[in-house]
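The values are calculated or read from the model by the stated rules, or taken from the named source; none is laboratory data. Note that this is a predicted model, so its numbers are computed, not measured. Reconstructed Cβ throughout: ideal geometry from the backbone, glycine too, with neighbour counts over all protein chains shown. Accessible surface areas use protein heavy atoms only, side chains included; no ligands, DNA or RNA. Shrake-Rupley method; radii C 1.70, N 1.55, O 1.52, S 1.80 Å.
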Amino acid sequence: MNAKTRAALAALPTTVVLFGLVGCGGSDAAGSADNAQATTAPAAGGESNAEAEGGDAVETPLTGEAKQKAEAAALKAYPGTVVKSEEDAENPGLYAVEIKKSDGTEIEVYLNPDTYKVVKTKDEAGDEDGS
């Protein structure tokens, strides 16, 4: 076998693999699921990769009875309009209900998910009230 034939045969497996990837839409189809999981999976220290890279942690919105009870308890303590309610990523194990008060300021009310009692608050300017 001459050198050209050996070189062509040696390159054949790589060519077949690349042709197959192009024909299947590339490696992004499988890689995007891995990448999506990597950005939401906790990194060392309990932060998600998105948070460790400077992004916000993903918080799960409350639904159903938990949403109703959490929002009612937060509004009872701090009247206003609910902006959002979610499982808090910064304080795992707590529900967070963001409320816009009548004076236009916003406050985040943290609740115990078992008792729906206010554990603490944070105004959206960043000051902890510690209630």
Problem set entry | Verdict on Leu62 being modelled with pLDDT of 95 or more, over 17 Å from Ala125 (Cα atoms) and touching an Asp or Glu at 6+ places or on another chain (Cβ under 9 Å) | yes
For this session: Give the residues of the stretch 98-126 that are open to solvent by less than 50 Å² (accessible area, probe 1.4 Å), over 21 Å from the mean Cα position of the chain (by Cα) and of a type in the set (Gly, Ala, Ser), sorted by residue number.
Result: Gly104
